[in-house]
Every structure is written in structure tokens, then in C-alpha cells.
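Here is the structure we will look at.
The values are calculated or read from the model by the stated rules, or taken from the named source; none is laboratory data. The model shown is predicted, which means the values in this text are computed figures rather than measured ones. Reconstructed Cβ throughout: ideal geometry from the backbone, glycine too, with neighbour counts over all protein chains shown. To get the accessible areas, we keep the full protein, side chains included, count just its heavy atoms, and leave off ligands, DNA and RNA. Shrake-Rupley method; radii C 1.70, N 1.55, O 1.52, S 1.80 Å.
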Amino acid sequence: MRVIIIGCGRVGAETAVELDRRGDHVTVIDTDQRAFGRLPSTFGGVTVRGTGTDEDILRGAGAELAELLMALTEGDNRNAMTAQLGKHVFSIPRVIAKINDPLRAEAYRSLGLETLCRTTLLADALVTAATEGAEATNGRVLPPTAEPLLVAPTAMAPGEPHPDVEEAE
């Protein structure tokens, strides 16, 4: 599958790496060249410096051939604009926009865009964890991997050995 991801933040980079690992042809677009440092040296996709709201950038990234576009920047307006360009100008079959505002997410869905609303996802996961436990969230809330400390840690002066740890001689 040919995928274009707009935004190489934590979400965009993680998504790009996973799709690349699965064998998809991934192109990542970001305005900040340093953002591509989040991608490992093993990343086999393409990186493009630019904005997803620029038709020329999208065209150069292969938008006419893309099967999926994901708008994953931090800006709802940028993601919505990019998603609409992908859907209506380039006729990309599937377009997903990350939208933080639940009201906007619903409005964009009514315009034919797939939306992912982080606010709604987090709230749903937190309510489920609060009422049913972390295990009921299908991995969205992770239970602790260790038992909590039974006593509060004591403050120590710099260089002072911890009273519960024996020093090697």
C-alpha cells in the first residue's frame, strides 16, 4: 500500500515505522528536517521537507498514486486542510485526519473524512480504566509492571551511600 503521512512527530514517526516494517511504501512529510531524526536508520521510506497543505509538495510526494493519507500534525486546521486536499484534489481513497477537538472531528466526518480524535480516545480509555480496570482497555491503559514502594524513599545528600545498599569493597 502507498501511504503518505503528514507530520513526523511521535505519532507520525511511530506510524511510519510500523507501516514500513509491514512492507508498505511510506512517504513522510514534515516542515522540520530535524523531525525525521525520529525515524530509525532502518526506515526504508521516503522523507519530504514541506507542508501537507501545499499541493505541489503533495504532488511531488506521489499523492496521485497514494492509497492512504494520514494527517498527523499537531494542528487540527492543518490536518483538516491536508485531508481535504488529499480527498478532494488528489482523490486518495482513504484519508485519516488526527483531530483533537471532538466537535471538529465530528464535523470533518460529516464531510467524508475519517477522523481520529485523541481527546475522545483518551477519555474513553480513562473512563474504562477507572470503572473496569486497566486490563479492560485492550492495552490503551497499561497496568503497572512493579509493585509500589511500601515506604517513601529517604532524602540523601549528594554522594551519600543509600542506607539499604551495601557498598562493594
Would you please give the residues with an amide H less than 5 Å from that of Val28, counting only those at least 5 places away or on a separate chain, with H modeled from the backbone geometry? Ile5, Val46, Thr47, Val48
Along the charge dipole of the chain, which of Cys117, Gly159, Ser41 sits closest to the positive end, that is, farthest toward it, with unit charges on the beta carbon of Lys, Arg, Asp and Glu (+1, +1, -1, -1)? Cys117
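On the protein heavy atoms, probe 1.4 angstrom, tell me the percent of accessible surface of the chain carried by carbon and sulfur.
On the way: 5840 of 10790 Å².
Ligands and nucleic acids excluded, carbon and sulfur reach 54 percent.
Work out how much length Leu103 to His88 would gain on full extension: take 0.36 nm times their residue separation and subtract the Cα-Cα distance, in nm to one decimal. Walk me through the intermediate numbers first.
Details: separation 15, 0.36 × 15 = 5.40 nm, distance 2.16 nm.
Extra length from Leu103 to His88 when fully extended: 3.2 nm.
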Heavy-atom accessible area per residue - the chain, 1.4 Å, Å²: 64 Å²
Mean Kyte-Doolittle of at least 0.0 plus a Cα span of 30 Å or more along the axis: flag which DSSP H helices in the chain meet both, please. none
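Note down the magnitude of the dipole of the chain about its Cα centre, charges +1 on Lys and Arg C-beta and -1 on Asp and Glu C-beta and zero elsewhere, to the nearest 20 debye.
Values: 16 positive and 25 negative charges, 224 e Å.
With only Lys, Arg, Asp and Glu charged at Cβ, the dipole is about 1080 debye.
What FRET efficiency comes out for Ala136 versus Glu160 if R0 is 45 angstrom and r is the Cβ-Cβ distance? Round to the nearest 0.05.
Values: r = 44 Å, r/R0 = 0.98.
The formula returns an efficiency of 0.55 here.
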For Val95, list long-range residues whose amide hydrogen, built 1.01 Å from N in the peptide plane, is under 5 Å from its own amide hydrogen. Leu69, Glu114
Label-point gap, in nm, between Met1 and Glu67 - each point 7 angstrom along Cα→Cβ: 0.7 nm
